[in-house]
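> Can you read through this structure? Questions will come right after.
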Amino acid sequence: MLEYTLILVLTAVLMFLGLLGSILPVLPGTPLILLGALVYAWYTGFTVISWMTLLALLVLTLLSYFLDVFASALGVKKLGGSRWGMAGALLGAILGLVFGGLLGLILGPFVGAFLLELAKKKDPAASLRSGVGTLLGFLAGTIGKLILAAIMIGIFVVKLIV
């Protein structure tokens, strides 16, 4: 019983960290949720969480990465940004989170994209558009990852209950 409780706690911690990771750029969100489900499935002999369920969670994990890259790239492309803008957004998100908490996480991608685009293009107006596009793409990707992470956890919980 104690062993099962420990596995359940480990699974819950991994899934919670995965949910946080769908928002925070320093944690691998959906892979942690998948790992939590895999740990539980392995412990229970794949009776409650089957290989098919794990496969579905793997597909959602891959979809979350595709969505993240696609949303960011689309935001940058639509408003004239470059890879520099995307790199600035990622760097800005990490530094913003470290030095500014949640507000830094939201504003960091914009500031990072704007500054790196400005360094590359030397055009403030184009850099501002790129910063906005990068921010919108980053936010859309983050919201999409959060939704997919919640769906993955929902699938796991339903399998536990049913």
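> When the residues of the stretch 23-63 are filtered to those that are part of a helix (DSSP H, G or I) and β-branched (Val, Ile, Thr), which remaining residue is farthest from ALA149 (Cα to Cα)?
Filtering first and then ranking leaves VAL39.
> Still on this structure, please answer the following. Residues LEU63, LEU57: which one is more than 27 Å from ALA125 (Cβ to Cβ), open to solvent by less than 40 Å² (accessible area, probe 1.4 Å) and out of contact with any Asp or Glu (no Cβ under 6 Å at 6 or more places or on another chain)?
Of the residues listed, the single one that is more than 27 Å from ALA125 (Cβ to Cβ), open to solvent by less than 40 Å² (accessible area, probe 1.4 Å) and out of contact with any Asp or Glu (no Cβ under 6 Å at 6 or more places or on another chain) is LEU57.
> Still on this structure: Could you list all residues from the stretch 108-162 that are within 22 Å of the chain's Cα centre (by Cα), within 30 Å of THR44 (Cα to Cα) and not β-branched (Val, Ile, Thr)?
Residues satisfying the conditions are LYS145, LEU146, LEU148, ALA149, ALA150, MET152, GLY154, PHE156.
Here's the yes/no breakdown for (1) of a type outside the set (A, V, I, L, M, F, W, C); (2) closer than 30 Å to LEU38 by Cα:
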position	(1), (2)
GLY101	yes, no
VAL111	no, no
LEU128	no, no
ALA140	no, yes
ALA149	no, yes
GLY154	yes, yes
LEU160	no, yes
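> OK, next. What are the pairs with Cβ atoms under 6 angstrom where one residue, in the stretch 132-151, is aromatic (Phe, Trp, Tyr) and the other, located anywhere, is open to solvent by 10 Å² or more (accessible area, probe 1.4 Å) and in a helix (DSSP H, G or I)? Sequence gap at least six, or different chains.
PHE138/SER72
> Inspect all residues belonging to the stretch 138-150 and state whether any of them is crowded, with 18+ Cβ neighbours inside 10 Å, in contact with a Phe, Trp or Tyr (Cβ under 7 Å, 6 or more places away or on another chain) and on the phi < 0 side of the Ramachandran plot.
No, that holds for no residue.
> Then there's this: If the requirement is being touching a Gly at 6+ places or on another chain (Cβ under 6 Å) and not in a helix (DSSP H, G or I), which of these qualifies: GLY88, GLY81?
After ruling out the rest, the residue left standing is GLY81.
The values are calculated or read from the model by the stated rules, or taken from the named source; none is laboratory data. Model, not experiment: these values are computed from the prediction. Cβ coordinates were reconstructed from backbone atoms using ideal geometry, including for glycine residues, and neighbour counts include every protein chain displayed. Note: accessible area is taken over every heavy atom of the protein model, side chains too, but ligands, DNA and RNA are not part of it. Shrake-Rupley method; radii C 1.70, N 1.55, O 1.52, S 1.80 Å.
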